[in-house]
Amino acid sequence: MKNIFLSLCIILFLGCSGDKENIDYVTQNEADIAAYIAANNIEAIRSETGLYYSIDEQGDGEKPMASSSVTVAYKGYFLDGAVFDESDASGITFNLNGVIQGWTEGITYFNEGGSGKLFVPAHLGYGSNDNRSIPGGSVLIFDINLLKINN
């Protein structure tokens with residue numbers, strides 16, 4: 001009897017432990033981004049990876065490469081408008097190959113001096129795991145200003 005109870009507990013535990021991993025965030029994120037873009041009347045382009053971007057100002061400088069060091073002023077928020085991170089107007093400097101994939105790809109669509117939005121699905125952001133104040137599976141929106149390419 002003890003073995004049956006133990007077996008049932010193990011099966012129940014294993015059956016419940018993977019629930020978060022079974023969620024298809026790619027499909028849900030795609031639908032959520034498309035709905036947000038439509039509801040807010042935003043013209044955005046979808047890349048092959050599933051990243052959406054909208055260019056407000058293309059900029060007139062060079063375009064960075066995925067390995068460039070750049071200075072970007074940004075605001076990061078969720079689909080509901082809640083801000084999770086923001087730089088000041090002078091921005092932050094970082095190497096594009098050291099950030100989330102959505103930024104590594106997305107920033108390269110802008111020229112120096114450009115601005116716009118990146119709509120980053122979870123698989124190009126922080127994935128299905130919670131990351132500090134960002135819940136797993138979250139779509140991230142970034143208002144970005146590419147202030148400078150440093151190399």
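The values are calculated or read from the model by the stated rules, or taken from the named source; none is laboratory data. Here the structure is a predicted model, which means the values were calculated and not measured. Virtual Cβ from ideal backbone geometry, glycine too; neighbours counted across all protein chains shown.
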So which residues in region 113-151 are touching a Leu at 6+ places or on another chain (Cβ under 6 Å) and assigned to a loop (DSSP other than H, G, I, E, B)? Gly114, Gly125, Val139
Leu96 passes all but one of the listed conditions (1) within 24 Å of Asn29 (Cβ to Cβ); (2) in contact with a Leu (Cβ under 9 Å, 6 or more places away or on another chain); the exception is number (2)
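Table: residues versus (1) surrounded by 21 or more Cβ atoms within 10 Å (Cβ to Cβ); (2) over 15 Å from Asp60 (Cα atoms); (3) of a type outside the set (Lys, Arg).
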| position | (1), (2), (3) |
| --- | --- |
| Phe110 | yes, no, yes |
| Ser115 | no, no, yes |
| Leu118 | yes, yes, yes |
| Ala122 | yes, yes, yes |
Among (1) touching a Lys or Arg at 6+ places or on another chain (Cβ under 9 Å); (2) closer than 23 Å to Thr27 by Cβ; (3) among the β-branched types (Val, Ile, Thr), Thr71 falls short only on (2)
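Only one residue in Gly50, Gly102 is at pLDDT 95 or above, closer than 23 Å to Val139 by Cβ, among the small types (Gly, Ala, Ser) and in a helix (DSSP H, G or I), so which one is that?
Just a single option satisfies the conditions, and that option is Gly102.
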Could you count how many residues in region 57-84 are charged (D, E, K, R), within 24 Å of Ser138 (Cα to Cα) and touching a residue at least 12 places away in the same chain (Cβ under 8 Å)? 1
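Within region 56-75, how many residues are under 11 Å from Lys117 (Cβ atoms) and crowded, with 17+ Cβ neighbours inside 10 Å? It would help to see each step written out before you state the result.
First pass over region 56-75, keeping only residues under 11 Å from Lys117 (Cβ atoms): 56, 74-75.
Right, trim to crowded, with 17+ Cβ neighbours inside 10 Å and you get 74.
Count: 1.
What tally of residues in region 128-147 results from selecting those that are loosely packed, with under 15 Cβ neighbours inside 10 Å and either more than 14 Å from Asp85 (Cα to Cα) or in contact with a Gly (Cβ under 8 Å, 6 or more places away or on another chain) (or both)? Quick ask: steps written out before the conclusion?
Of the residues in region 128-147, the ones loosely packed, with under 15 Cβ neighbours inside 10 Å are 129-133, 135.
Imposing the further condition that a residue be either more than 14 Å from Asp85 (Cα to Cα) or in contact with a Gly (Cβ under 8 Å, 6 or more places away or on another chain) (or both) reduces the set to 129-130.
Total meeting the criteria: 2.
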